[in-house]
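**Q** Following this message is one structure expressed as structure tokens.
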Amino acid sequence: MSHGTGNLRWKIVAFLIAPITFVMTLDRAAMTVAAPTIQKELGLSIVEMSMILTVYFWTYAIGQVPAGRMAERIGSRKVLASTSAVWSVMMMATPLGPTFAWLFGCRLVLGGAQSADWSSGVVAIKRWFPRTERAKGNSILLAGLYLGPIVSAPLTAWTIIRFGWPAVFYGFGVLGLLLGAIWWIGYRDKPSEHPLITPEEAKFIADGQPIEAPQAKGAFLRCFKQPRFWIFGIQYFLLVLIQSFYTTWLPTYLTRARGLSLKDMGIYASLPWVAVFIAVFVAGIICDRILKKTNSVYWARTPVAMTGFVVSAGALIAASRAVEMSAVISLLCLSFAAVGFVQVVVWSAAQDLGRAYTGVMSGWTNLWGALSNVAGPVTVAYTVKITGNWESGLFLIGAAAVFGAILWIFLHPERPLQSTADIDAEPQVKPPAEAMASEADIVIATTRLSNQES
């Protein structure tokens, strides 16, 4: 993967960006798993406990766009180092105050601080990877996100049983502080400024960056006036509707609708997460190969996303109608794996569309995802309650996903949201054989020309 230029960029995403996202998912899930124990021990009502659980998602959603803008303006290094320190301290502070107000406040601050994680990671990958490798870079970031649910529940439960629920928050908090310090030491916002990067790799990354129009004061606000900006958020809302079924209702569906025992459910419910974890790596490889072969962002993004939406929707609806448990689980795995394909495309397209405003684009997109994580489970619950069966709930979110595929017809990720008066939409990547001069080359050439003229 280094192409003879060095592989520091792969180490950055695999050992710095993805691990922080992984720990963030552990922190997020810790309260959910520990909630029954905390509620019983502290004597909290179900309403108080629900407020503690949900306040995180509201501040997480509200902070998305401002956090993305901060990552663009001051860099992912400062933003992620400072916010990871804040959320880690909040984790460690959580057990110190055994009252509703204290837990509510800690989760409120925690959600706001963690809102910076995803947009900072997406901006970092955009700066460290040429466009022809961004899908694979995003797949590693997503792998860190999807590994969390696989590990968090058993790890948190084991820690609570062995050491008590406060140990979960202390342990995850210390781990977050450690990774934040490693991030500050090991990451640089500009690849060329990293002390360990080779000149060849720095040039390879620079030559693979699309030309961007310079940021103008208030220009990012014009994104909100563009229909494609809104369409992109809506399609992600529809994608997360399917994902929210797996994050929220899958265990309940398998036990109540399919009659599985608690033991069997624990095994089967983990399989779709394994499927999506593998799928994001496969999607990254396929998308980058398409881009290299066609030199077209459109063909590397739009058909893959549309196919992923349709396959995910079809497999989910088929799973709701299947009889044999082996068929049900296989179809659920296929559906969630297809979601993984779309996820890789979404975050690669966010970098294509956003360019200099990738932070705002990623924050905006994740905002819609956060809203969907709230709306999706509620929609399924009401549908099942009204109709009296789970099949209707799965059919509804599957049908919504088909609409998400249709929206991709209008997105055109090959056309950035920036003014086309400043940059060309195509070609997106400077061919290696005809690579444009780097900044250093331009400075040297200008200096030599000035000396000759003088």
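The values are calculated or read from the model by the stated rules, or taken from the named source; none is laboratory data. Being a predicted model, the structure only gives us computed values, none of them experimental. Don't worry about glycine lacking a Cβ; one is built from the backbone with ideal geometry, like all the others, and counts go over all protein chains shown.
**Q** From Thr94, Thr99, which residue is crowded, with 23+ Cβ neighbours inside 10 Å, among the β-branched types (Val, Ile, Thr) and under 29 Å from Gly164 (Cα atoms)?
**A** That would be Thr94, the only listed residue that is crowded, with 23+ Cβ neighbours inside 10 Å, among the β-branched types (Val, Ile, Thr) and under 29 Å from Gly164 (Cα atoms).
**Q** Got at least one residue in the stretch 40-50 being within 22 Å of Ile20 (Cβ to Cβ) and aliphatic (A, V, I, L, M)?
**A** No, there is no match, as no residue in the stretch 40-50 is within 22 Å of Ile20 (Cβ to Cβ) and aliphatic (A, V, I, L, M).
**Q** Then there's this: Out of everything in the stretch 29-86 that is among the basic types (Lys, Arg) and modelled with pLDDT of 95 or more, what residue ends up being nearest to Val122 (Cα to Cα)?
**A** Arg77
**Q** Also: Considering only the stretch 219-233, I want to know if a residue exists there that is among the charged types (D, E, K, R) and part of a loop (DSSP other than H, G, I, E, B).
**A** no
**Q** Is there a residue in the stretch 281-299 that is in contact with a Ser or Thr (Cβ under 6 Å, 6 or more places away or on another chain) and farther than 16 Å from Gly340 by Cβ?
**A** So far as the stretch 281-299 goes, yes, one or more of its residues are in contact with a Ser or Thr (Cβ under 6 Å, 6 or more places away or on another chain) and farther than 16 Å from Gly340 by Cβ.
**Q** Same structure, new question: Between Pro149, Pro98, which is assigned to a loop (DSSP other than H, G, I, E, B) and either within 25 Å of Thr247 (Cβ to Cβ) or not charged (D, E, K, R) (or both)?
**A** Sole residue among the options that is assigned to a loop (DSSP other than H, G, I, E, B) and either within 25 Å of Thr247 (Cβ to Cβ) or not charged (D, E, K, R) (or both): Pro98.
**Q** Moving on to the next point. Residues of the stretch 2-47 being more than 16 Å from the chain's Cα centre (by Cα), crowded, with 17+ Cβ neighbours inside 10 Å and charged (D, E, K, R), which ones?
**A** Across the stretch 2-47, the qualifying residue is only Arg9.
**Q** Determine whether Ala135 is in contact with a helix residue (DSSP H, G or I) (Cβ under 6 Å, 6 or more places away or on another chain) and within 22 Å of Asn7 (Cα to Cα).
**A** Yes, satisfied.
**Q** Just to be sure I understand the filter: pairs with C-beta atoms under 6 Å, separated by 6 or more residues or on different chains, first member in the stretch 363-376 and aromatic (Phe, Trp, Tyr), second member in a helix (DSSP H, G or I) and modelled with pLDDT of 90 or more. Which pairs pass?
**A** Every condition considered, the pairs that remain are Trp364/Val65; Trp364/Gly233; Trp368/Gly233; Trp368/Tyr236; Trp368/Phe237.
**Q** State yes or no: is Ala350 buried (at least 24 other Cβ atoms within 10 Å of the Cβ), in contact with a Ser or Thr (Cβ under 7 Å, 6 or more places away or on another chain), within 22 Å of Thr132 (Cβ to Cβ) and outside the structural domain of Lys126 (by TED's automatic domain parsing)?
**A** Yes; evaluated as a whole, the condition is true for this residue.
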